[in-house]
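K.L.:
There's a structure below that I have some questions on.
The values are calculated or read from the model by the stated rules, or taken from the named source; none is laboratory data. These numbers were taken from a predicted model, which means no experiment stands behind them. Glycine also receives a Cβ, built like all others from the backbone with ideal geometry; neighbour counts cover every protein chain displayed.
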Ligand SMILES: Cc1cc2nc3c(=O)[nH]c(=O)nc-3n(C[C@H](O)[C@H](O)[C@H](O)COP(=O)(O)OP(=O)(O)OC[C@H]3O[C@@H](n4cnc5c(N)ncnc54)[C@H](O)[C@@H]3O)c2cc1C
């Protein structure tokens, strides 16, 4: 199917994109990788009157360390992250995600920030962003604000980005001390959205207890969801098989999925628990801990 008619603008700079957003307000949509927006337009699920293409902005694809965080520009693409060695060494959770989003062709164009902005309930990046306590920098004509990911993900396909604003970059704090993470996803076939997914991230204190923990699940409700009960359970304790099992049980309880072609509610709830268990196992393995 062809999209409904729309006007197309190429923004040469962020300022130009912001000016266009101010001019067209709620009628306009940013075009990043186009891997979600274009299919939605072709199915007439989205009918923006104006597209503002930010791909001509030459300096938005950055992946850099800054002030103790990994900073991803609005055009940092999944494939670029997959090929970034420091990600594998220092941000293993993000490296895991970059290899399982969609398929290599989609990852060539799709962006992390675009995925967060799209906020598909079964998307992968929002899950990792929640576990990592990421932030998104949002800019509009009135200025720039930094939004914690928990506040950014408002509802299915809805974020804190208001009409006239765009997301400029995502910040992933560099985990302190001895730390690791892992992302786990069940998909019907390679390239599919998650039937269920889970992200874990943890840092260890000197005495071997969990100092800080992030646990989140995907395809488990209207948006990706932080499992606060599991985080609370783990924090300050030494990793054991029983503790991981209890955290996994909390995730299964917290999951609130819908039944669809990918699975029943009962199956998806059970898998949320299984995957949190696997993500914690993967984290412990990377930390060199036997559980
Ligand atoms: C076949 C296929 C399989 C896929 N499988 C998966 C999967 O397994 N897991 C997964 O997570 N995703 C999957 N996707 C989605 C893919 O990862 C998308 O690329 C991603 O969700 C959106 O990124 P994008 O850069 O393409 O955004 P776009 O499609 O360009 O934009 C998506 C939405 O976000 C808005 N937006 C984008 N960037 C900004 C910005 N900087 N500021 C404000 N608004 C912005 C757009 O206006 C639009 O509403 C799949 C897509 C396809 C086509």
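K.L.:
If I ask for residues that are touching a helix residue (DSSP H, G or I) at 6+ places or on another chain (Cβ under 6 Å), more than 7 Å from the ligand (Cβ to nearest atom) and assigned to a loop (DSSP other than H, G, I, E, B), which ones from segment 58-77 would you list?
P.N.:
Of segment 58-77, the ones touching a helix residue (DSSP H, G or I) at 6+ places or on another chain (Cβ under 6 Å) are 72, 74, 76.
Then drop every residue that is not more than 7 Å from the ligand (Cβ to nearest atom), which leaves 72, 76.
Passing the criteria: only 76.
K.L.:
What residue, among those in segment 79-95 that are touching a helix residue (DSSP H, G or I) at 6+ places or on another chain (Cβ under 9 Å) and in contact (Cβ under 8 Å) with a residue 40 or more places away in the chain, is surrounded by the fewest Cβ atoms within 10 Å (Cβ to Cβ)?
P.N.:
Top of the filtered list is 92.
K.L.:
Against the definition (touching a residue at least 24 places away in the same chain (Cβ under 8 Å), farther than 20 Å from residue 146 by Cα and part of a helix (DSSP H, G or I)), how does residue 20 come out, yes or no? Steps first, please.
P.N.:
Details: touching a residue at least 24 places away in the same chain (Cβ under 8 Å): yes; farther than 20 Å from residue 146 by Cα: yes; part of a helix (DSSP H, G or I): yes.
Here the answer is yes, as residue 20 does meet what is asked.
Per-residue answers, yes or no, for (1) more than 9 Å from the ligand (Cβ to nearest atom); (2) modelled with pLDDT of 95 or more; (3) assigned to a loop (DSSP other than H, G, I, E, B); (4) within 21 Å of residue 283 (Cβ to Cβ):
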| position | (1), (2), (3), (4) |
| --- | --- |
| 88 | yes, no, no, yes |
| 100 | no, yes, yes, yes |
| 105 | no, yes, no, no |
| 108 | yes, yes, no, no |
| 138 | no, yes, no, no |
| 147 | yes, yes, no, no |
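K.L.:
Can you pull out the residues in segment 96-108 that are surrounded by fewer than 21 Cβ atoms within 10 Å (Cβ to Cβ) and in contact with a helix residue (DSSP H, G or I) (Cβ under 8 Å, 6 or more places away or on another chain)?
P.N.:
Result: 99, 104, 106, 108.
K.L.:
If you don't mind, another one. So which of 34, 12, 25 is out of contact with any helix residue (DSSP H, G or I) (no Cβ under 9 Å at 6 or more places or on another chain) and part of a loop (DSSP other than H, G, I, E, B)? Can you show your working first?
P.N.:
Working: 34 fails: out of contact with any helix residue (DSSP H, G or I) (no Cβ under 9 Å at 6 or more places or on another chain); 25 fails: part of a loop (DSSP other than H, G, I, E, B).
On inspection, the qualifying residue turns out to be 12.
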